[in-house]
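Engineer: Below is the structure I would like to discuss, written out as structure tokens.
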Amino acid sequence: MKRLTAKLVFMGSQGVGKSSIITRYIKGDYRKECEATIGASFMYAKVTIRDYTITLKVWDTAGQERFRSLVPMYYRNSDAIAVVFDVSDRESFRQVKSWINEVKKNTDTPVVYYVVGNKTDLVDSRIITYEEAKEFATSVDAHYWETSVYSNSGIQDLFTNIGRNLIEMVESSKRPTNIKLEIDPEEGPNNVKINNSNIKCCTN
């Protein structure tokens, strides 16, 4: 089994549902009213894909303008960035580009970018179409995904796909320096571990 540890940071305007997405995935909880994040909060999330067990160190950053200057300290050395917007709020969508540009300007290591359109259950008040958001995400070299915390739609697959992208980065010829990979020794009959000298802990 290969154990992968990576840093995932959620960003976006206030009220778009960043905290709700994270809590829905990790705890399975849904709360219609969620307190605004002050500065940032931190949790662990687990994803299992193929022979990888992925531990995501998930940072949930505040969306209020008064905390904007603090955000860089949280996305520094990140491996994946998910910028969330509300599909019924065009201003939150406009802000996505500035968030992504800020990270790219201050990051010199490979990062998986996701643009996440949340609150897709608000069908009647939806303003941003899937096509518009997808086209924008492609223009900034990001993946696009849609979620609804209320209906628990797309949440599981969002984290799974981020995990897949991180595995692709690790298995590429240019492995990111931030991601930690540990490989268990091979197991023989009766779960007897062999080739102990092959245990690896790679950070390059």
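The values are calculated or read from the model by the stated rules, or taken from the named source; none is laboratory data. Bear in mind that the values here come from a model prediction, so they are computed numbers and not experimental data. When we count neighbours, we look across all protein chains shown, and the Cβ atoms used for this are built from the backbone with ideal geometry, even at glycine. When the accessible area is computed, the model is the full protein with side chains, heavy atoms only, and any ligands, DNA or RNA have been set aside. Shrake-Rupley method; radii C 1.70, N 1.55, O 1.52, S 1.80 Å.
Engineer: Would you mind telling me the share, in percent, of accessible area of segment 105-177 contributed by carbon and sulfur at probe 1.4 angstrom? The partial results should precede the final answer.
Structural biologist: Values: 1840 of 3940 Å².
Percent of accessible area from carbon and sulfur atoms in segment 105-177: 47.
Engineer: Still on this structure, I have one more. Using a/c under 1.5 as the rounded threshold, could you call segment 75-135 rounded, prolate or oblate? The axes a ≥ b ≥ c are square roots of the C-alpha gyration tensor eigenvalues, and prolate needs a/b larger than b/c, oblate otherwise. If you can, show how the numbers build up before the last one.
Structural biologist: Details: a/c = 2.81, a/b = 2.43, b/c = 1.16.
The shape class here is prolate.
Engineer: Near the amide H of Met11, under 5 Å away, which other amide H atoms are found, from residues 5 or more places off or on another chain, if H is placed in the peptide plane?
Structural biologist: Under 5 Å from the amide H of Met11 lie the amide H atoms of Ala82, Val83, Val84, each far enough along the sequence or on another chain.
Engineer: By how many nm would the segment from Asn77 to Asn106 lengthen if fully extended, with 0.36 nm per residue of separation less the alpha-carbon distance? Numbers along the way, then the final one.
Structural biologist: Values: separation 29, 0.36 × 29 = 10.44 nm, distance 0.99 nm.
Full extension of this stretch gives 9.5 nm more.
Engineer: At 1.4 Å probe size, put Phe42, Phe136, Phe159 in order of accessible surface, largest to smallest. Present the calculation step by step, with values, prior to reporting the outcome.
Structural biologist: Numbers: Phe42 80, Phe136 35, Phe159 0 Å².
Solvent-accessible surface, decreasing: Phe42, Phe136, Phe159.
Engineer: Another question about this same structure. With just the Cα atoms defining each centre, how far is segment 77-116 from segment 1-31? Give it in Å.
Structural biologist: 14 Å
Engineer: What net charge do the residues around Val140 carry, taking every other residue with its C-beta under 9 Å from that of Val140, with Lys and Arg at +1 and Asp and Glu at -1? The partial results should precede the final answer.
Structural biologist: On the way: positive: Lys97, Lys104; negative: Asp141.
Residues near Val140 contribute +1 overall.
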